[in-house]
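The values are calculated or read from the model by the stated rules, or taken from the named source; none is laboratory data. Just so it is clear, the structure is predicted and the values come from calculations on it, not from any experiment. Positions of Cβ are backbone-derived with ideal geometry, glycine not excepted, and every protein chain shown enters the neighbour counts. The area values use the complete protein model at the heavy-atom level, side chains included, leaving out ligands, DNA and RNA. Shrake-Rupley method; radii C 1.70, N 1.55, O 1.52, S 1.80 Å.
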Amino acid sequence: QVQLVESGGGLVQPGGSLRLSCAASGVIFSFYATNWYRQAPGKQRELVAYISSGGRTYYADSAKGRFTISRDNAKNTAILQMNSLKPEDTAVYYCRLTREREDYWGQGTQVTVSS
């Protein structure tokens, strides 16, 4: 059974940082691309960052220069380091693993950026 568990969300002031983790089990993590999505209230879910199984990365324009995605295959974990957070980064953040026709989502972790 595949499980993805996100952690690291919380309340942070504008300009602050958070480090989100996605712990995977039930899969050979290194075979999968890892995606971080977010969904703000009343908005569609959007891709924030992506890292391929080979380490190639992609960032949404809103994340470039502030967020860093990484992976530790030995620990079956993906990380999203978020710096210089803004109120508009407030959302539920989801981890997603993809490989060919396989597609797994975590339950999400809330990030709130507010003073």
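Hey, among the residues in segment 44-64 that are in contact (Cβ under 8 Å) with a residue 12 or more places away in the chain and in a loop (DSSP other than H, G, I, E, B), which one's farthest from ASP89 (Cα to Cα)? For segment 44-64, the residue satisfying everything is SER53. Would you please name the residue that is most open to solvent (accessible area, probe 1.4 Å), looking only at residues in segment 60-93 that are in contact with a Ser or Thr (Cβ under 8 Å, 6 or more places away or on another chain) and under 11 Å from TYR37 (Cα atoms)? So, considering only residues that are in contact with a Ser or Thr (Cβ under 8 Å, 6 or more places away or on another chain) and under 11 Å from TYR37 (Cα atoms), the one most open to solvent (accessible area, probe 1.4 Å) is VAL92.
When restricted to residues that are closer than 28 Å to SER114 by Cα and surrounded by fewer than 17 Cβ atoms within 10 Å (Cβ to Cβ), segment 46-59 contains 3. Against the definition (in contact with a Cys (Cβ under 7 Å, 6 or more places away or on another chain) and among the charged types (D, E, K, R)), how does GLU6 come out, yes or no? Yes, satisfied. Taking the residues in segment 15-31 that are crowded, with 16+ Cβ neighbours inside 10 Å and within 14 Å of the chain's Cα centre (by Cα) as candidates, determine which candidate is farthest from ASN73 (Cα to Cα). Of everything passing the filter in segment 15-31, LEU18 is farthest from ASN73 (Cα to Cα). Comparison of ARG38, ARG71 shows that the only residue that is in contact with a helix residue (DSSP H, G or I) (Cβ under 9 Å, 6 or more places away or on another chain), closer than 13 Å to TRP105 by Cα and not hydrophobic (A, V, I, L, M, F, W, C) is ARG38.
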